[in-house]
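A short write-up of the structure that comes next.
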Amino acid sequence: MREVVGGHFLPTPPDRIGVAVSGGSDSTALLTLLSDFVAETGGPSLHVVTVDHGLRPEAAGEARAVAALAAELGHGHDTLRWTGWDGEGNLQDAARRARYALIAEWARAQGIGAVALGHTADDQAETVLMRLARAAGADGLSGMRARRYHHGVLFVRPMLTLRRGDLRALLRCKGRTWIDDPSNEDESFDRVRMRRAMDLLAPLGLTVPALASVAANSAAIRDTLDWYAFTEARACVRIEAGDVVIPLRDLRRLRPEILRRVLIAALHWLTGAEYPPRRRAMALLAEAVRHGTDMTLHGCHAKVSRGELRLMREARAVEGVIAAPGRPWDGRWRLTPPQGTDAPEGAEIRALGAAGLAECPLWRDTGAPRLSLLASPAVWQGDLLVAAPAAGRPEGWTAELIRDEEAFFGFFLSH
C-alpha cells in the first residue's frame, strides 16, 4: 500500500506535500502511509492540515488529536476553521466547497506543490452509485479524479484503488486509532444512504470493485472525449479581445458531445466557475447556437453574428466586481498604469458599462462588439472614467489577460 500511495508522486515529487487529515480512518491511514514513504525515500516533506467546520463541539479536540499524531510522526500541522455556514442549503456541499477553498489557500501560502486526500475505492464506488441515480453520463460515472487542479492547487487522491477495510487493518497493526464522525451514520445525507444500499446491492454484483471498475472505464471514455474536444478546439477556436470565437461552419460539424465540451471549456474560461451548467442547459445552448439564436447562460452571452459564435462575459455578471489596479479583476484581467507612474488615488478597476462606453468615442475602431465591451475592465476614480484599454481609450494603461489562450486549451486536459 505504501508503494501505491507514494507512487502517485513519482518520479518527480514536489518538495512539499500537504496531507488533509480529519482524524478518520482513511485520512489517518493516508498520513501513516505517506509518512512511511517519505521516511524510506528521504523526502519530500509533509505538512498536515485539518479543517474544523465548527459544526460539532468535538471537532476542536479531534483537530488536536491529529496535530499530536503529526507531531509524533515529525510533521508540522495547521488547523483551519470554517465559520461560513448560515444554516441554509446543502450542508455537505457547502462544507466540501469551503474545505477545498481553505486548504487551497493554505497550500498556496505555504508553497505546497500538492495536497493528498484520503478518498478510497469505497468512496469512489459510492460516488458512482450516487451519480448513476442522477442519470449521469461518462463524466459523472468516471467518479473522482485521481489528480485535479482546484483553486490553482493540485489535489491528489492516491488511495482510490485501496479498500477502507484494508486500511483499517493496517492501522490496527500499527496500533493507531481513528475518529468515527457521527455524520457518517446520518441517513439524511445521500452518501450515507448509498453506503447502506451497497450492502444490499453487493449480492447482485454491484460491489465496490465492480463500481470502481465502472469509474475507471468511464474515465477512459471521458479522457478520450476530452482529447478529441481539445484537438477540435485547437483547429477552430480563437481568443479575441477576451472572448471565445468559433466559426459557425466549424461549430456545426462538431459532434454533439464534442461541441458540449468545447462550450463548457469556453464558459469555464470566461467565468472561472467551479461547475458548468447542467446538461439540460448546455443542450439548450448548443441547440440555440446551431440555429443562430443568441442566448445568455452562466454569466455569459452567446451571440451569433457574421458567421461566428462569440462567447463573452455578461455585463450584469461583473457589475459588482471591483479590484485594485494591478490586481486580478474577474479572475481574468489585470490592468496596470502607464510605465513609471502610479495609479491615481482612489482608482479602482470596474466594468466599463454603458456609462463608460459612452465616453469612449473610438470603441467601434477596436472591432469588439458592444456587448463585449460593456463587460470589459476599465479604470474608474469614483464616477470619473480614467481609462478603458479594451474600448479604445487606454490613456497609457495596459490590459493583460491572466487566463490566456493556453489556459483555455489546457482546460481540456487538466480539469
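The values are calculated or read from the model by the stated rules, or taken from the named source; none is laboratory data. Just so it is clear, the structure is predicted and the values come from calculations on it, not from any experiment. Please note: Cβ atoms are built from the backbone with ideal geometry, for glycine as well, and neighbour counts cover all protein chains shown. Remember, those area values only see protein heavy atoms, side chains included, never the ligands or the DNA or RNA. Shrake-Rupley method; radii C 1.70, N 1.55, O 1.52, S 1.80 Å.
What is the range 93-155's relative contact order, in percent, from Cα pairs under 8 angstrom and six or more apart in sequence?
So the answer I get is 43 percent.
What does the charge dipole of the range 267-415 about its Cα centre add up to, to the nearest 20 debye, if the Cβ of each Lys and Arg holds +1 and the Cβ of each Asp and Glu holds -1?
680 debye
Give me the Debye-computed log₁₀ of I(q)/I(0) at q = 0.19 Å⁻¹ for the range 85-167, equal point scatterers on Cα only, no solvent, two decimals.
-1.01
Can you tell me the orientation of helix 405-414 relative to the chain, as the angle in degrees between its alpha-carbon axis and the longest Cα principal axis, to the nearest 10?
Its long axis makes an angle of about 20 degrees.
Could you estimate the translational diffusion coefficient of the range 287-333 from the Stokes-Einstein equation, with Rh from the Kirkwood formula over C-alpha pairs, at 4 °C and 1.567 mPa s, in whole µm²/s?
It comes out at roughly 106 µm²/s.
With everything on Cα atoms, drop me the angle between helix 208-236 and the longest principal axis of the chain, reported from 0 to 90° to the nearest 10.
Helix 208-236 sits at roughly 20 degrees to that axis.
Among Ala354, Gly382, Ser414, which residue has its Cα positioned farthest towards the positive end of the charge dipole of the range 353-415, with +1 placed on the Cβ of Lys and Arg, -1 on the Cβ of Asp and Glu, and the dipole taken about the Cα centre?
Ranked along the dipole, the leading option is Ala354.
In the calculated pair distance distribution of the chain, what percentage of Cα-Cα distances lie above 29 Å?
Percent of Cα pairs beyond 29 Å in the chain: 55.
With +1 on the Cβ of every Lys and Arg and -1 on the Cβ of every Asp and Glu, and nothing else charged, how large is the dipole of the chain about its Cα centre, in debye rounded to the nearest 20?
Dipole of the chain, to the nearest 20 debye: 1220 debye.
Calculate log10 I(q)/I(0) of the range 54-196 for q = 0.11, 0.18, 0.20 Å⁻¹, where I(q) comes from the Debye formula with a single equal point scatterer on each Cα and nothing for solvent.
After summing over all Cα pairs, the log10 values are -0.51, -1.56, -1.85.
Need one number: the % of Cα-Cα pairs in the range 195-302 sitting beyond the 16 Å mark.
Numbers: 3790 of 5778 pairs.
When all Cα pairs of the range 195-302 are counted, 66 percent exceed 16 Å.
Using alpha-carbon positions, what is the distance between the centroids of the range 180-244 and the range 314-343, in Å?
36 Å
Tell me the GluC sites (Glu not before Pro) within the range 203-274 that lie in a loop according to DSSP and have at most 12 other beta-carbon atoms within 10 Å.
Glu274
Once amide H atoms are placed 1.01 Å from N in the peptide plane, what residues at a sequence separation of 5 or more from Tyr149, or on another chain, have their amide H within under 5 Å of its amide H?
Residues meeting the criterion, in which the H sits 1.01 Å from N, are Phe155.
In the range 85-193, which GluC sites (Glu not before Pro) fall in coil by DSSP and have 10 or fewer other Cβ atoms within 10 Å?
Counting only loop positions with at most 10 other Cβ atoms within 10 Å, the GluC sites (Glu not before Pro) in the range 85-193 are Glu88, Glu187.
To test your reading of the geometry: what angle, between 0 and 90 degrees and rounded to tens, separates the Cα axis of helix 279-290 from the longest principal axis of the chain?
30 degrees
With no solvent and one point per C-alpha, what does the Debye sum give as log10 I(q)/I(0) for the range 109-156 at q = 0.19, 0.22, 0.26 Å⁻¹?
-0.68, -0.80, -0.94
At a probe radius of 1.4 Å, what is the per-residue accessible area of Tyr275, in Å² to the nearest 10?
Answer for Tyr275: close to 90 Å² accessible.
Gln124: net charge of surrounding residues, Cβ under 13 Å, Lys/Arg +1, Asp/Glu -1, itself excluded?
+3
With all distinct Cα pairs included, what does the Kirkwood hydrodynamic radius of the range 39-93 come out to in Å, to one decimal, could you say?
Details: mean 1/r = 0.0769 Å⁻¹.
Hydrodynamic radius (Kirkwood, Cα only) of the range 39-93 equals 13.0 Å.
Counting only residues 5 or more places away or on other chains, whose amide H sits under 5 Å from the amide H of Val19 once H atoms are built in the peptide plane?
Sorted by chain and number, the residues that satisfy this are His47, Val48, Val49, Ala116.
Taking the Cβ of Ala375 as the center, what net charge do the other residues with Cβ under 13 Å away carry, scoring Lys and Arg +1 and Asp and Glu -1?
Result for the neighbourhood of Ala375: +3.
On a full-extension model of 0.36 nm per residue, what is the gain between Glu319 and Arg196, subtracting their alpha-carbon distance, rounded to one decimal in nm?
Full extension of this stretch gives 39.6 nm more.
Just how many % of Cα pairs in the range 4-133 lie over 18 Å apart, if you round to the nearest whole percent?
Counting every Cα pair in the range 4-133, those more than 18 Å apart make up 57 percent.
Protein chains only, probe 1.4 Å: how do Ile264, Ile322 rank by accessible area, largest first?
On the way: Ile264 25, Ile322 100 Å².
Result, largest first: Ile322, Ile264.
May I ask you to list the trypsin sites (Lys or Arg not before Pro) in the range 139-206 that are in a DSSP loop and have at most 13 other Cβ atoms within 10 Å of their Cβ? Numbers along the way, then the final one.
On the way: sites: Arg145, Arg147, Arg148, Arg163, Arg164, Arg168, Arg172, Lys174, Arg176, Arg191, Arg193, Arg195, Arg196; in loops: Arg145, Arg163, Lys174, Arg176.
Loop-located and lightly packed - Lys174.
Report, to one decimal in Å, the Kirkwood hydrodynamic radius for the range 287-380 based on all distinct Cα pairs.
Working: mean 1/r = 0.0685 Å⁻¹.
Result for the range 287-380, one decimal place: 14.6 Å.
Based on the alpha-carbon set only, what is the convex hull volume of the range 14-73 divided per residue, in Å³?
With only Cα atoms used, the range 14-73 gives 71 Å³ per residue.
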